[in-house]
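The values are calculated or read from the model by the stated rules, or taken from the named source; none is laboratory data. Computed from a prediction, not measured in an experiment: that's the story for all the values here. Positions of Cβ are backbone-derived with ideal geometry, glycine not excepted, and every protein chain shown enters the neighbour counts.
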Amino acid sequence: MVSRKNLSISLPSEMVTLVDRAAKVEHRTRSELIREALRAYLGRRIPVVEVSKEELATIERGRREIARGEYVTLDQVLHGVDRTARTQR
(Lines give C-alpha, C1' and ligand atoms only; values in the text may rest on other atoms or scores of the structure.)
Protein backbone atom coordinates (compact mmCIF):
# COMPACT_ATOMS: atom_id res chain seq x y z
CA MET A 1 0.00 0.00 0.00
CA VAL A 2 1.24 3.47 -0.87
CA SER A 3 1.79 5.74 2.10
CA ARG A 4 0.17 9.14 1.71
CA LYS A 5 0.37 12.36 3.64
CA ASN A 6 -2.00 15.28 3.46
CA LEU A 7 -0.68 18.57 2.19
CA SER A 8 -2.58 21.82 2.43
CA ILE A 9 -1.91 24.46 -0.20
CA SER A 10 -3.37 27.85 -0.95
CA LEU A 11 -4.39 28.69 -4.50
CA PRO A 12 -5.93 31.78 -6.01
CA SER A 13 -9.64 31.27 -6.58
CA GLU A 14 -9.17 31.48 -10.36
CA MET A 15 -6.72 28.59 -10.20
CA VAL A 16 -9.11 26.51 -8.09
CA THR A 17 -11.75 27.09 -10.76
CA LEU A 18 -9.34 25.84 -13.43
CA VAL A 19 -8.37 22.81 -11.35
CA ASP A 20 -12.02 21.94 -10.76
CA ARG A 21 -12.83 22.36 -14.44
CA ALA A 22 -9.91 20.17 -15.54
CA ALA A 23 -10.72 17.54 -12.90
CA LYS A 24 -14.31 17.36 -14.11
CA VAL A 25 -13.31 17.07 -17.78
CA GLU A 26 -10.77 14.34 -16.99
CA HIS A 27 -13.04 12.56 -14.47
CA ARG A 28 -10.45 12.88 -11.71
CA THR A 29 -10.38 14.20 -8.21
CA ARG A 30 -8.54 17.40 -7.42
CA SER A 31 -5.87 15.35 -5.69
CA GLU A 32 -5.35 13.07 -8.69
CA LEU A 33 -5.10 16.02 -11.04
CA ILE A 34 -2.65 17.93 -8.85
CA ARG A 35 -0.52 14.80 -8.24
CA GLU A 36 -0.25 14.28 -12.00
CA ALA A 37 0.60 17.94 -12.57
CA LEU A 38 3.32 17.75 -9.92
CA ARG A 39 4.73 14.55 -11.44
CA ALA A 40 4.96 16.24 -14.84
CA TYR A 41 6.50 19.40 -13.40
CA LEU A 42 9.00 17.62 -11.18
CA GLY A 43 9.88 15.19 -13.96
CA ARG A 44 10.99 18.10 -16.12
CA ARG A 45 12.70 20.04 -13.35
CA ILE A 46 14.23 17.18 -11.40
CA PRO A 47 14.54 14.25 -13.78
CA VAL A 48 14.94 10.85 -12.22
CA VAL A 49 17.82 9.08 -13.91
CA GLU A 50 18.02 5.31 -13.76
CA VAL A 51 21.62 4.18 -13.64
CA SER A 52 22.53 0.73 -14.95
CA LYS A 53 24.82 -1.71 -13.16
CA GLU A 54 27.36 -1.22 -15.95
CA GLU A 55 27.33 2.55 -15.45
CA LEU A 56 27.81 2.18 -11.70
CA ALA A 57 30.69 -0.23 -12.31
CA THR A 58 32.29 2.25 -14.73
CA ILE A 59 31.97 5.08 -12.20
CA GLU A 60 33.55 2.92 -9.50
CA ARG A 61 36.39 1.90 -11.85
CA GLY A 62 37.00 5.59 -12.61
CA ARG A 63 37.13 6.42 -8.91
CA ARG A 64 39.74 3.69 -8.35
CA GLU A 65 41.80 5.02 -11.27
CA ILE A 66 41.68 8.54 -9.83
CA ALA A 67 42.73 7.21 -6.41
CA ARG A 68 45.77 5.58 -8.10
CA GLY A 69 46.61 8.86 -9.85
CA GLU A 70 45.65 7.54 -13.28
CA TYR A 71 44.08 10.62 -14.80
CA VAL A 72 44.89 13.69 -16.88
CA THR A 73 44.06 17.24 -15.95
CA LEU A 74 42.10 19.67 -18.08
CA ASP A 75 45.32 21.67 -18.64
CA GLN A 76 47.02 18.53 -19.97
CA VAL A 77 44.13 17.85 -22.32
CA LEU A 78 44.02 21.44 -23.56
CA HIS A 79 47.79 21.56 -24.02
CA GLY A 80 47.68 18.30 -25.99
CA VAL A 81 44.84 19.53 -28.19
CA ASP A 82 46.64 22.80 -28.84
CA ARG A 83 49.87 20.97 -29.76
CA THR A 84 47.97 18.54 -32.04
CA ALA A 85 46.22 21.41 -33.82
CA ARG A 86 49.53 23.21 -34.46
CA THR A 87 51.23 20.12 -35.92
CA GLN A 88 48.31 19.43 -38.27
CA ARG A 89 48.39 22.90 -39.88
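Below are the figures for this structure:
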quantity: Hits in the range 47-61 - residues which are over 20 Å from the mean Cα position of the chain (by Cα) and either among the aliphatic types (A, V, I, L, M) or part of a loop (DSSP other than H, G, I, E, B) (or both); calculated: 57
quantity: Residue match in the range 6-22 (condition: surrounded by 10 or more Cβ atoms within 10 Å (Cβ to Cβ) and either touching a residue at least 12 places away in the same chain (Cβ under 8 Å) or small (Gly, Ala, Ser) (or both)); calculated: yes
quantity: Residue among 50, 36 that alone is of a type outside the set (Val, Ile, Thr) and modelled with pLDDT of 90 or more; calculated: 36
quantity: Number of the exception - residue 70 against (1) modelled with pLDDT under 95; (2) surrounded by 11 or more Cβ atoms within 10 Å (Cβ to Cβ); (3) more than 27 Å from the chain's Cα centre (by Cα); calculated: (2)
quantity: Lone qualifier among 28, 44, 64, 39 - being assigned to a loop (DSSP other than H, G, I, E, B) and either touching a Gly at 6+ places or on another chain (Cβ under 9 Å) or among the charged types (D, E, K, R) (or both); calculated: 28
quantity: Boolean, residue 10 is modelled with pLDDT of 95 or more and assigned to a loop (DSSP other than H, G, I, E, B); calculated: yes
